[in-house]
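First the structure, in the form of structure tokens, and then the observations on it.
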Amino acid sequence: MPNVNLLIFPGELKANFFQKILSIKKTVKINCVLIENKEQIQEWSKIVKKKNIFLWADLASKSFQSTEYHDLYYSYVIDKILSDPRSTYILERMYRSLDLSIIDSSVFNKTLNLEKLIWNIITIIFLTKSNRIIHYNIPHGKYWFVARVAELIGIKFYGGADTVILPWKQWLVRGLDEQVVIKPKKNNKTDYKTIQNYFNKIKGTYDKAIPNYEKERQVKFSNKFFSFKKELGSIILKGIRSRSVIEVFFWICLSIYKYKALKLYQNFSKNFKLPRKYIIFFMHYQPERTSLPEGMNYCNQWLIIRSLSEKIPKDCKLIVKEHPSTFRYFFNPSFRSKEFYNSVHKLKNTEFAPLNFSPFKLLDNSYAVATITGTVGAEAFIRRKNVLVFGLAQYRNLPNVHLIRSFDEVELVLKKLNEDIDRLNDKKILEVLSNIDSLSYTIDKELNFTSKKIIEAAIYAEIE
């Protein structure tokens, strides 16, 4: 068996965590580590050569040496990266800060950093002879570029992906955009009782099925979506930290803008009544991995709304419901503006649903449910509805779930909805959930976001 030289970006995971896993096979080793701060160097130098430990800040700023890989791959890689619209979106997310001290953080200016990053990734892959990249999840920020460049060179990426349909489970996938599920060498034992309980919860009322994070925010805001008291408290804390009158003024302006955006949405949705026939699009909170990069061509949700509005049948309405965390969590006008709400409102056959309208009522009475990759799509599957997904939803291959990858596919999929409906019963749905459970790994409570088994599976996947 040839040697496997791993390139990893461990995040919060410690070196000794990997060291224990790597003791299984001597032909597999970590050859390159990308870290966030200098304090991590000492820890990682115990298992990786110091020259193969790289700081993220250096990757995006310094210029590394030229290698023969650059002659082979550089032109091809940079053309592919720059022609992918997600590159621009991710670059903006990385550098388009609300920090007023960063006045040169335009995407145009930061393309310089992106070019250096691409060059340097090629350099370190060549120098460290890395031939596999692993991560505990699908990278969705700066490390997306690392994995994407590696894939374009021909190096495989393996990572954990939340199954979504079973929120406590992850499975191993290969490829950033392919996300092919890698089956365990031996199927995991199915927990039928937990699956049945979860199934019953999703089949029940929304107040029992609401995700924990959303429930916490709902309680925090006393079922409202804006609190002047909480906004003021947040501004005071930020002001104490920054000690800048200009920044305090900026945060005040941002809070006012958030309030006006909320009021605009509420005004547009105040006279809402359920139409006879409609498709419901549940918007994602942004920025998040579930829309960028996993939304593929539809990272910008306006493109989904416009596509559906153009292509839905004449006797059908499009209902759009904003994600409540847009106003209960950190509000960023780079992703949701008053212009956005105005533009959606002007579409001839499109309406907003109130923020406090029951998601399950909207879902159950709909002709179809639309999402990028969201949990609501999994809930819709369990509640036996047609689902339209516009991204790499982990449930995209299930019955009655239809993946839309381009504007041209929207009309084709909509025409097939009635023809393709698979009349699922509870037994069939539970069989699907049980199969997913057997192919996936339970997230470790102490790690919170992944499991040791996922990391181990990523390291040794498809190695004979």
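So, in Å, what gap is there between the alpha-carbon centers of the range 164-190 and the range 329-408?
24
Of all DSSP beta bridges located in the range 130-210, what percent are antiparallel, nearest 5? Let's see the in-between values first.
Details: 7 of 11 bridges.
In the range 130-210, approximately 65 percent of DSSP beta bridges are antiparallel ones.
What size of dipole, in debye to the nearest 20, comes out for the chain about its Cα centre when the only charges are +1 on Lys and Arg C-beta atoms and -1 on Asp and Glu C-beta atoms?
1240
Two decimals, Cα atoms only, Kirkwood Rh: what is Rg/Rh over the chain?
Here the Rg-to-Rh quotient is 0.97.
I'd like the trypsin sites (Lys or Arg not before Pro) in the range 166-218 restricted to DSSP loop residues with at most 14 other Cβ atoms within 10 Å, sorted by number. Provide the component values of the computation, followed by the final result.
Values: sites: Lys169, Arg174, Lys185, Lys186, Lys189, Lys193, Lys201, Lys203, Lys208, Lys215, Arg217; in loops: Lys185, Lys186, Lys189.
Filter output for the range 166-218: Lys185, Lys186, Lys189.
Where the centroid of each part is defined by its Cα atoms, how far is the range 220-288 from the range 426-464 in Å?
If we compute the Cα centre of each part, the gap is 36 Å.
To the nearest Å, what is the center-to-center distance of the range 37-81 and the range 127-154, using C-alpha atoms only?
Computed from Cα coordinates, the inter-centre distance equals 11 Å.
Calculated FRET efficiency, Lys220 and Leu347, Cβ-Cβ r, R0 35 Å, to nearest 0.05?
0.60
Place a label point 7 angstrom from the Cα of Leu82 along the Cα-to-Cβ direction, then list the residues of the range 51-75 whose backbone nitrogen is under 12 Å away.
Under cut-off, by backbone N: 75.
For the range 148-303, what is the Kirkwood estimate of the hydrodynamic radius, computed as the reciprocal of the mean inverse distance between distinct Cα atoms, to one decimal in Å?
Evaluated over the range 148-303, this radius sits at 20.6 Å.
Counting other Cβ atoms within 10 Å, which trypsin sites (Lys or Arg not before Pro) in the range 412-464 have at most 11 and lie in a DSSP loop?
Arg423, Lys445
Dipole size in debye (nearest 20) for the range 133-186 around its Cα centre, Lys and Arg Cβ +1, Asp and Glu Cβ -1?
Dipole about the Cα centre, nearest 20: 260 debye.
Taking every pair of alpha-carbon atoms in the range 299-365, give the share separated by more than 15 Å as a whole percent.
It works out to 58 percent of all Cα pairs.
Can you pull the one-decimal nm distance between simple spin-label points at Lys20 and Ser334, each 7 Å off the Cα toward Cβ?
Result: 3.8 nm between the two label points.
For Ser406 and Ser106, compute 0.36 nm times the residue count separating them, minus their Cα-Cα distance, and round to one decimal in nm. Could the numbers behind the result be given before it?
Values: separation 300, 0.36 × 300 = 108.00 nm, distance 2.84 nm.
Answer, rounded to one decimal: 105.2 nm.
What length, rounded to one decimal in nm, is gained on full extension from Leu417 through to Asp444, with 0.36 nm per residue of separation minus their alpha-carbon distance?
Details: separation 27, 0.36 × 27 = 9.72 nm, distance 3.86 nm.
Extra length available between Leu417 and Asp444 comes to 5.9 nm.
Between Gln42 and Asn435, how high is the FRET efficiency from 1/(1 + (r/R0)^6) when r is the Cβ-Cβ distance and R₀ = 41 Å? Nearest 0.05.
0.35
Need one number: convex hull volume per residue for the range 331-464, Cα atoms only, in Å³.
That works out to 208 Å³ per residue.
Among Thr371, Thr190, rank each residue by its count of other Cβ atoms within 10 Å, from fewest to most, as a rough exposure measure.
Numbers: Thr371 26, Thr190 15.
Arranged by neighbour count, lowest to highest, Thr371, Thr190 become Thr190, Thr371.
Restricting the count to DSSP beta bridges whose residues both fall in the chain, what percent are antiparallel, rounded to a multiple of 5?
Percentage antiparallel, nearest 5: 20.
Take Lys361 and Asn297, extend 7 Å from each Cα along the Cα→Cβ direction, and tell me the distance between the two endpoints in nm.
Going by the 7 Å Cα→Cβ label model, 3.6 nm.
Within 10 Å of each candidate Cβ there may be at most 10 other Cβ atoms; applying that plus a DSSP loop requirement, which trypsin sites (Lys or Arg not before Pro) in the range 240-295 survive?
The qualifying sites are Arg243, Lys270, Lys273, Arg276.
No lab work stands behind these numbers, since they all come straight from the coordinates. Please read these numbers as outputs of a predicted model, since none were measured by experiment. Every residue, glycine as well, gets a Cβ built from its backbone with ideal geometry; the counts of neighbours run over all protein chains shown.
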